[in-house]
Amino acid sequence: MRMYDLIMKKRNGSALTGEEIRFMVQGYTKGEIPDYQMSAMMMAIYFRGMDADETLALTMEMAHSGDMLDLSDIHGVKVDKHSTGGVGDKTSLALTPMVAAAGVTVAKMSGRGLGHTGGTIDKLESFSGFSTAITEQQFKENVNRIGIAIMGQTADLAPADKKLYALRDVTATVDNMSLIASSIMSKKLAAGADAIVLDVKTGSGAFMKTQEDSFALAREMVRIGNGAGRKTIAVVSDMDQPLGCAVGNALEVREAIDTLRGCGPEDFVELCLTLGSYMLVAGGEAATEEEAEQILREVIENGSALDKLAEFIAAQGGDRELVYHPEKLPQASMTQEIESPADGYIQRIVCDEIGICSLILGGGRETKESAIDLSVGLVLHKKVGDAVKKGESLATIHANDQAKLDMAKERFLQAYTIDEEPVEKKPLIKGIVIE
Ligand code: URA
């Protein structure tokens, strides 16, 4: 088999066989196929696309290119959750203890933030001492003992995807549906869970800006997951404005804790209950989503979800007391209100701009190596559809540097559109994709 022939085959619009995809992925991972040939192949795929069989074959090859985590010695159905990423998306922080408190085993691999969206690991590091750099053995023991563990992605998890993603990133071939779906799902399959609940974001703060593209990505990933024998469902949810109110690492942790105490923002609570219901049904703890939602409400009301978060934080070296005293989490040295320049209704928020404000304050990573300031960020007081009076606070900025605060404030005001016309609030959940 020759890579040249495969590039020509795809360039001319034919489907590659499973054997050809194996040759290509294995050869590239081992360094036998050079970047320039793989770049040409990615561009051919970008223009010609891949059918469902090719996409599944690519995913399976990438998943098997490194370690496949074997979770079979963990009791029960292991459920994972994945979000395609968004602004203020602290869902895993509240959702995973809720689900674990309800009896479903959560064995999760998470990533760090890059660009305008934050990562779960960075947020969790707001708990002093907490680490996701645990061994596979510790990971499994924790899951068996307390029903929940979160681990950083190991270097040998889907290395073919790692190499290919870096190549796509510099050859303008990232935004192809089959390539994105296979990239995300290869890592999820390698991470070993039996069932996967996906939160596919849609809107100005998301990777996929239109609902059409978001549903197409959701369908592709669900097809791959089920095709690989893992029960997979996707929830398509709004990212046309930040999720909840807090944006920034420790601020988001506080909001997740508030949610576990029963006083979270409405949209965030709705998302946790929706994703959690599907996780409980997939994990066999509830027969219907309605029953599951009732159980999830109970674990919030009786405090067991909050206690589960404390147990999980302590098991991975963090200070459990912070769960009960969130005022001791990292705090910025100054706060300032951003006042509304006019009376009216919030028409629109350019969501990724709010993520960038948090980045400017120091809450995100400009490059993989940069350090982040856990304490900074924003807490929104007004969201789309809300009425506002001139001078009323739109948000509170938390900062450690006056110049950065000023810059973020200016950018924030540009991201909000306020007008006299009342605006209808749009639903958070756009739909569910089940094969
Ligand atoms: N996230 C991934 O992991 N892969 C992609 O291709 C895009 C987003």
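The values are calculated or read from the model by the stated rules, or taken from the named source; none is laboratory data. Keep in mind that this is a model prediction, so the values were computed, not measured. Neighbour counts run over all protein chains shown; Cβ positions are idealised from the backbone, glycine included. Note: areas computed on protein heavy atoms with side chains; ligands, DNA, RNA excluded. Shrake-Rupley method; radii C 1.70, N 1.55, O 1.52, S 1.80 Å.
Scanning the range 169-182 for residues that are out of contact with any Ser or Thr (no Cβ under 8 Å at 6 or more places or on another chain) and either near the ligand (Cβ under 9 Å from one of its atoms) or of a type in the set (Asp, Glu) (or both) yields ASP169, VAL174, ASP175, ASN176, ILE180. Taking first residues from the range 124-147 that are closer than 22 Å to GLY248 by Cα and partners that are charged (D, E, K, R), the Cβ contacts under 7 Å between residues at least 6 apart in sequence or on separate chains come to PHE127/ASP319; SER128/ASP319; GLY129/ASP319.
Across the range 204-216, the number of residues qualifying as open to solvent by less than 10 Å² (accessible area, probe 1.4 Å) and in contact with a helix residue (DSSP H, G or I) (Cβ under 6 Å, 6 or more places away or on another chain) comes to 1.
Tell me which of these ARG168 doesn't satisfy, since it passes every other one: (1) in contact with a strand residue (DSSP E or B) (Cβ under 9 Å, 6 or more places away or on another chain); (2) modelled with pLDDT of 90 or more. Only one criterion is unmet by ARG168, namely (1). Suppose we filter GLY192, GLY152, GLY227 for residues that are in contact (Cβ under 8 Å) with a residue 24 or more places away in the chain, open to solvent by 30 Å² or more (accessible area, probe 1.4 Å) and of a type in the set (Gly, Ala, Ser); which single one remains? Only one candidate passes the filter, namely GLY227.
Report yes if GLY76 is within 15 Å of the ligand (Cβ to nearest atom), at pLDDT below 90 and among the small types (Gly, Ala, Ser), otherwise no. Against the criterion (within 15 Å of the ligand (Cβ to nearest atom), at pLDDT below 90 and among the small types (Gly, Ala, Ser)), GLY76 does not qualify.
Taking the conditions (1) away from the ligand (no atom under 14 Å from the Cβ); (2) open to solvent by 30 Å² or more (accessible area, probe 1.4 Å) in turn, VAL197 satisfies each one other than (2).
Of the strands (runs of 3 or more DSSP E) entirely within the range 365-423, those holding at least 1 residues that are surrounded by fewer than 20 Cβ atoms within 10 Å (Cβ to Cβ) and touching a residue at least 40 places away in the same chain (Cβ under 8 Å) occupy 393-399, 416-419. Taken together, LEU380, LEU374 contain a single residue that is under 28 Å from PRO427 (Cα atoms) and under 23 Å from the mean Cα position of the chain (by Cα), which is LEU380. Here ALA155 meets the list (1) among the small types (Gly, Ala, Ser); (2) more than 17 Å from the chain's Cα centre (by Cα); (3) at pLDDT 95 or above almost entirely, failing just condition (3).
Conditions (1) small (Gly, Ala, Ser); (2) within 22 Å of the chain's Cα centre (by Cα); (3) more than 20 Å from GLY244 (Cβ to Cβ), marked per residue:
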position: ALA387; (1), (2), (3): yes, no, no
position: LYS390; (1), (2), (3): no, no, yes
position: HIS398; (1), (2), (3): no, no, no
position: GLN414; (1), (2), (3): no, no, yes
position: PRO422; (1), (2), (3): no, no, yes
position: PRO427; (1), (2), (3): no, yes, no
